[in-house]
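Below is one structure, written out as structure tokens; the observations come after it.
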Number of protein chains: 2
Amino acid sequence: MTLKLDKVNRGPHLSTLVASSISREIAQGRLKPGDQLPTEQALATTFGVSRNVVREAIARLRSEGRIWSQQGRGAFVADATNATVLTIDYETLQRADSFRNLFELRGMLEVQIAALAAARRSDADIAAMEEALDGMRTAPYGSVAWLKNDLGFHRAVAEATQNPYMGQFLVFVSERVRESILAAGNQQKSDDMARTTLGEHERILAAIKAGDAKGASAAMTRHLAGAASRVGLPGGEASAKPASPARHSRLRKAVRGQAAG
Amino acid sequence: MTLKLDKVNRGPHLSTLVASSISREIAQGRLKPGDQLPTEQALATTFGVSRNVVREAIARLRSEGRIWSQQGRGAFVADATNATVLTIDYETLQRADSFRNLFELRGMLEVQIAALAAARRSDADIAAMEEALDGMRTAPYGSVAWLKNDLGFHRAVAEATQNPYMGQFLVFVSERVRESILAAGNQQKSDDMARTTLGEHERILAAIKAGDAKGASAAMTRHLAGAASRVGLPGGEASAKPASPARHSRLRKAVRGQAAG
DNA sequence: TCTTGTCGTGTTATCATACAACCCTGATTG
DNA sequence: CAATCAGGGTTGTATGATAACACGACAAGA
């Protein structure tokens, strides 16, 4: 088996390059689950690095659950389902369709979370949301402080579900969405957007405060539709239930604007 | 002389122990974002291991986005939002409330995914679901083959959304739920459960096949309620919209049964 | 023939040391 | 005062050695 392993070009860390190279071999199917990797020594020579670097790369892949190794035997490719971490590599983040898909996933989470939050929120949760909203009011639209408080609001909503995983997942997805927006580059802001966005948040908060689950998810749906249009996505589809079965209608190039919250 | 055994508990890999030890320091706030870690040499001596092991641990934490390092300066704790991977450590998985919360998150995803799948499924998606269902029919309830096809069915539904992240997230959460069930240990099966579960799946498939988004999510809700009761959880709350604002009603001990699909 | 024990080889796990690349600081020097 | 340079400290990488473990080969014994 001659794995197509190129010599690594100098970059941030050699171990990172080696790890992603092996990872690519696995992702592209040249290394299937159960296969044994070349020995550390062999990998070291083929990559042109020291065995130490190879070991750091393998330690990383092992922590991700992609491979497992045993002393005296070797390293083997693990089953895909054994992945103990959920990761989205930076390369795919830069594709326009992955942005759209991430945004859709985020919307799905947010709408449901809003409904749960309305049913379970405590007074402390309400206070956290109001604090974040205040922070957004004083910060200029699109600034770091604004984005921070925006994320903080949504996190507070997620934490109001009393289910810690909700916040964990939502923040993770939201951060990927934000990175994806940054990767797309260009942005355009206006004071109008700030007012609109703030109003959307206020309606969400009001519904949650009132314990109105249905209203909260509706307000969140509106907010996400607005956010989608502000970043150049067709709004309706970002909601949980698409009106039309627009099959395979992905790959829109338009990703404009920065503040997507 | 084996005096090193006192410094670190023997485990799978020293680097793993060091990594989780540092990770715990960060999680418990003794190391805050921006703080500088001790030097590799210092960590090596305090842990009683070689610098090489420390480097493997740091390589792992760096890949997870928990810390960042620069040559000539040192290693620093990164912001929590910079985490590039989503991970749920095994310890918290074993707690009963985390199981309940994970199940709720999974339910939220499944119900929405079913609706999307009904709107977007292709013929190939339908074929994949039917194949998985066939596999469940021939395998004994709760067996490895049964669980594999069960997961395969839900994965097929997720892939029918034409959004790869849906499947990625769902499989991740489902695997954690399964691990959590296994951690709880005891299980009880019956042919009755097999028939019931199969019927629930068939109704989901029928709704998706018909393009009935509302029916699909309803069928999935019923399925999840059934699965919840089969593993000893109160069924209704696992659905997306809890009937009552049962605040802080977590920490149920009853986690019985294995096949939760 | 079958079992069992031993040994040798290959591999990973760990250790130890050395050097290169780089950052930071402070003294030197123009 | 500013620029430069030397030095120490830290991470990044290379190299060699040793320990722990897996596995097959092979011979001795029943």
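Limited to region B:70-103, what total is found for residues that are without any contact (Cβ under 8 Å) to a residue 24 or more places away in the chain and assigned to a strand (DSSP E or B)? Residues that pass the stated criteria total 3. Checked against the criterion of being out of contact with any Ser or Thr (no Cβ under 7 Å at 6 or more places or on another chain) and buried (at least 19 other Cβ atoms within 10 Å of the Cβ), the candidates B:125, B:89, B:97 yield just one match: B:125. Just a yes or no: is a residue in region A:118-134 within 21 Å of residue B:115 (Cβ to Cβ), assigned to a helix (DSSP H, G or I), within 14 Å of chain B (Cβ to nearest Cβ) and of a type in the set (Gly, Ala, Ser)? Within region A:118-134 (the criterion being within 21 Å of residue B:115 (Cβ to Cβ), assigned to a helix (DSSP H, G or I), within 14 Å of chain B (Cβ to nearest Cβ) and of a type in the set (Gly, Ala, Ser)), the answer is yes, since at least one residue qualifies.
Output the residue which, of all residues in region A:61-99 that are under 28 Å from residue A:163 (Cα atoms) and in contact with a Lys or Arg (Cβ under 6 Å, 6 or more places away or on another chain), is farthest from DNA strand C (Cβ to nearest atom). Among those that are under 28 Å from residue A:163 (Cα atoms) and in contact with a Lys or Arg (Cβ under 6 Å, 6 or more places away or on another chain), it is A:88.
Taken as a whole, region A:138-145 holds at least one residue that is out of contact with any His (no Cβ under 7 Å at 6 or more places or on another chain), of a type in the set (Phe, Trp, Tyr), under 23 Å from residue A:219 (Cα atoms) and not in a helix (DSSP H, G or I). Against the definition (in a helix (DSSP H, G or I) and within 11 Å of chain A (Cβ to nearest Cβ)), how does residue B:59 come out, yes or no? For residue B:59, the condition - in a helix (DSSP H, G or I) and within 11 Å of chain A (Cβ to nearest Cβ) - is met. Residue under question is residue A:40, and the condition is that it be touching a residue at least 40 places away in the same chain (Cβ under 8 Å) and within 11 Å of DNA strand C (Cβ to nearest atom); does it hold? Criteria not met by residue A:40. Any chance region A:65-84 includes a residue that's in contact with a strand residue (DSSP E or B) (Cβ under 6 Å, 6 or more places away or on another chain) and either facing chain B (nearest Cβ under 8 Å) or at pLDDT below 90 (or both)? No: zero hits. Residues of region B:105-112 include at least one that is of a type outside the set (A, V, I, L, M) and facing chain A (nearest Cβ under 9 Å).
The values are calculated or read from the model by the stated rules, or taken from the named source; none is laboratory data. Since this is a predicted model, take the numbers as computed values, not measurements. Please note: Cβ atoms are built from the backbone with ideal geometry, for glycine as well, and neighbour counts cover all protein chains shown.
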